[in-house]
Structures are given as structure tokens and as C-alpha cells.
1. Share of segment 299-415's accessible area from carbon and sulfur, percent, 1.4 Å?
2. Taking a ≥ b ≥ c as the square roots of the eigenvalues of the Cα gyration tensor of the chain, is the shape rounded (a/c under 1.5), prolate (a/b larger than b/c) or oblate?
3. So if we plug the beta-carbon distance of LYS215 and ARG98 into 1/(1 + (r/R0)^6) with R0 = 22 Å, what FRET efficiency do we get, rounded to 0.05?
4. On a C-alpha basis, how far is the centre of segment 127-164 from the centre of segment 297-350 in Å? Whole number, if you could?
5. At 0.36 nm per residue, minus the direct Cα-Cα distance, what do HIS114 and ASP279 gain on full extension? Give it in nm, one decimal, please.
6. Just to verify a number: what accessible area does CYS410 come out at with the full protein assembly present, 1.4 Å probe, Å² rounded to tens?
7. Averaged per residue, what accessible area in Å² does the chain show with a 1.4 Å probe, protein chains only?
8. Round to the nearest 0.05 the FRET efficiency obtained for ASN35 and LYS64 when R0 = 22 Å and r is the Cβ-Cβ distance.
Amino acid sequence: MTPDILREIIDYANRADPYPLYEELRKTPVFHDGNGGPYVVSTYYEIQSLLHDPRISSDARNLKSTSQDPLGQSEEEGTALPPSFLKLDPPDHDRLRRMTNRPFGPPHAPHRVHDMLGELTGLVGELVDGIARTGNLDRIDLVDQFAYPFPVTVICRLLGVPHEDEPRFHLWAEKLAASLDPDPDADPALHGKGAMDARMELGMYLAGLIEQRRKDPGDDMLSQLATADGPDGSMTTMEVLSTAALLLIAGHETTVNLITNGMLTLLRHPDVLGRLREDPELSVPIVEELLRYEPPVQLLPQRSTLSDIEVAGVTIPKGASLWLMLASGNRDPNRFENPERFDPDRGDIQHLGLGSGIHSCFGAPLARQEAQLALSELARRLENPRLLKDPPEYRKNAVLRGPRHLLVSCEGIRS
């Protein structure tokens with residue numbers, strides 16, 4: 001293995017197919033270049049164990065140094081907003097996550113996602129109808145015309161953000177997502193400043209909405225976060241801001257990739273696409289296999305150790321930067337039979353695509369439902385779809401990996 005394998009993984013030239021590099025990485029389950037870079041864990045059982053290990057921190061303040069880390073500073077560093085609960089450890093993480101979950105899911109709001117099914121179905125239908133109305137079926141961009149606007153509209157409605165403001169936070173979201181990308185060739189000052197500015201602008205925008213909701217609350221999540229007073233008390237304004245920003249960004253960035261990676265995979269496997277067209281319920285195992293085979297979050301780079309720990313015979317020192325390569329673990333042959341094969345009939349599919357442990361994906365139920373609806377409706381309505389460019393143009397980001405555009409054509413659109 002070359003000492004530059006992380007640079008190869010990060011290199012945009014390998015974005016379309018990083019999996020051979022992950023296979024090489026797994027030969028050394030805990031990789032370290034010896035020059036102060038991160039410790040990189042790439043095998044399934046080791047990643048799964050670390051996701052549940054209380055000695056692993058998500059708080060960047062526990063890193064001894066980021067000088068040799070390709071990611072550089074964390075996105076919150078230098079901003080006035082506190083870290084979101086995604087980047088905190090217990091007990092602060094647990095308190096904020098419980099408070100955020102009250103208006104979103106069980107046990108306090110057990111039907112929130114389920115009750116959105118009708119609305120989600122209507123949105124998917126409207127977007128496909130919109131593609132039909134363009135009259136141009138020879139060149140459809142499934143990202144711009146479908147996979148992006150669908151989850152963005154959903155999270156807007158869920159949080160109570162006016163949809164007409166979507167173009168503004170689209171730009172903020174892209175800058176914040178880019179800050180997660182370990183780009184060793186970027187100017188660290190400019191790389192960090194773009195995210196810092198975007199986070200501040202988004203925070204100021206949300207502050208205005210929060211003030212409105214406190215004066216005139218509705219039944220949206222932002223109103224409930226801003227006004228709730230439960231067993232854990234109330235969120236401060238800054239905590240509401242940070243949580244709302246997290247939900248806005250995380251609520252659509254990963255789902256866009258899941259839907260787009262899903263359609264790309266199905267178009268490369270027309271037999272499975274045909275089965276889904278005839279049986280929409282197949283969307284459930286298809287999405288689970290997609291989360292293993294082409295996960296929207298490829299790696300978790302912002303972890304550190306709270307003490308010296310031993311992993312696969314390697315001692316990782318306290319305060320070290322730790323990368324967990326989820327997409328590599330999902331294709332570990334010691335865990336999955338024929339891991340390079342896309343197989344929705346796979347029986348045992350305990351993937352790492354949505355994380356695990358206390359930081360497992362907060363919005364997993366909604367992401368699953370959105371992807372299942374989106375893929376089954378596209379399979380049903382697009383007549384003989386085919387890829388116009390394969391591999392497609394990918395987004396620059398190596399962490400949140402997915403096509404920037406997915407160009408297809410079809411012979412017609414069924415009603």
C-alpha cells in the first residue's frame with residue numbers, strides 16, 4: 001500500500017469508483033502514514049465496534065492537532081454558532097438529540113414521518129409531471145429536475161422554511177457540505193472561511209425565522225424547537241439555530257445522493273429496475289442494499305480518541321484524528337458475501353450506510369421513505385430510461401459522494 005492512498009481516495013479522479021482503493025486499504029485495517037495524519041479504519045467489524053465505543057469523540061475540541069489532517073479545521077471553528085449535536089459527545093449530545101427528537105419521532109411524535117406519506121407521494125408525482133411538461137425527454141437531469149428539489153421541498157415543509165427561500169440556503173448548504181471534504185490542495189484559510197461565512201449567513205436567516213415562530217408558532221418543527229419546554233428544559237436560541245442548520249443541511253444533502261446513486265445503480269442493473277417497476281414494495285430491500293453498496297456518506301472523518309485504544313493490534317493514541325471508512329466496511333468480504341455485487345435479495349444486510357450507535361442518522365426513517373418513493377415512482381413512470389453519460393459527473397465531495405448531474409433519456413412518461 002502506498003503512503004499516499006488517502007490522497008488517492010480524496011483525488012477527484014477516483015470519485016467515480018473509489019472501491020478498488022478501499023479494497024487496497026482493507027489490507028491494513030488500521031492505516032496510518034506515520035507522519036501525523038489520521039488513523040484510518042476500513043474494515044466492517046472494527047468500524048462497527050468504534051461507532052459504539054464511548055472512547056471515541058465527535059467533538060473536534062478533543063483533537064490534539066489538525067496540522068497533518070487533510071480536513072484541517074472543523075466547520076464550526078471560529079464561528080459564533082455552537083457545534084450541532086452531531087459534533088458533540090454525551091451528555092450534551094444526548095440532551096440536544098432528545099430535545100430534537102420530541103417533535104420528529106417516537107415516542108413523542110410517532111406518526112410524524114408516516115403521516116407525511118401522502119404529501120411525499122404527491123411531491124414525487126408533481127416532479128415527474130414537471131419533467132413530462134418540459135417536453136424534452138432526450139436529456140433529463142435527474143439531479144436538478146428531481147433528486148435535489150424533492151428532499152429540499154420536504155425539509156422546507158417539515159421545518160417551516162418558506163420554499164421561496166430555497167435558493168438562498170442551497171448555496172449555504174453547498175458551502176457547508178464542501179467544508180466536510182478533505183481537499184489537501186485547497187487553501188485552508190479560504191476553505192474554512194467559505195464554510196464559516198455560509199454558517200453565519202444561514203444562522204442569521206434562521207434567527208429571523210425563530211423570532212417569528214416564537215411570536216406566532218405553527219405546527220412545524222422549527223416552532224416546536226423554539227418554544228418547547230420539556231424534561232430537558234428549553235433550547236437556547238443558539239442551540240435552536242445550530243440544530244435547525246444541521247437539519248436543513250443534513251435533511252437534504254444525503255438524501256439527494258441516496259436517490260441519485262440509487263437511480264444510477266438501477267440503470268446499470270436493468271433487471272432490478274424492471275422488477276421494481278412491477279413490484280413497488282421491492283423498493284424497501286433495494287434502498288437497504290443501496291445504503292450498503294453505494295452509501296451517500298462514504299466516511300466519517302471527524303472523530304478522535306479520548307484515550308489510547310487498541311484496534312486490530314494497532315494502538316491509536318489519545319487525541320488522534322480518526323477516520324471511519326463506512327463505504328469500505330460495507331464491502332468487507334469478511335462481513336458480506338460477494339460484497340461487490342448489487343443484490344437486493346441479500347438476506348443479511350446490517351450495513352453501515354446510516355451509521356450506528358449514538359450518532360446513527362437522525363433522519364433515517366424520512367430518508368428511507370423518500371428514497372423508496374422516489375425510486376419506485378421513477379421506475380414506474382419512465383419508459384425505457386437509459387444513461388446518457390456513464391460514469392456521470394460527480395460532485396467534488398469525497399465524504400458526501402454522489403453525481404452532480406445524472407443525465408438520462410426516456411421514450412415517454414407514464415401517467
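1. 45
2. In terms of gyration-tensor shape, oblate.
3. Taking R0 as 22 Å, the efficiency between LYS215 and ARG98 is 0.25.
4. 34
5. Numbers: separation 165, 0.36 × 165 = 59.40 nm, distance 2.06 nm.
Net length gain for the segment: 57.3 nm.
6. The accessible area of CYS410 comes to roughly 10 Å².
7. Here the residues of the chain average 42 Å² of exposed surface.
8. 0.90
The values are calculated or read from the model by the stated rules, or taken from the named source; none is laboratory data. Please read these numbers as outputs of a predicted model, since none were measured by experiment. Cβ coordinates were reconstructed from backbone atoms using ideal geometry, including for glycine residues, and neighbour counts include every protein chain displayed. We work out accessible area using only protein heavy atoms, side chains counted, and drop any ligands, DNA or RNA first. Shrake-Rupley method; radii C 1.70, N 1.55, O 1.52, S 1.80 Å.
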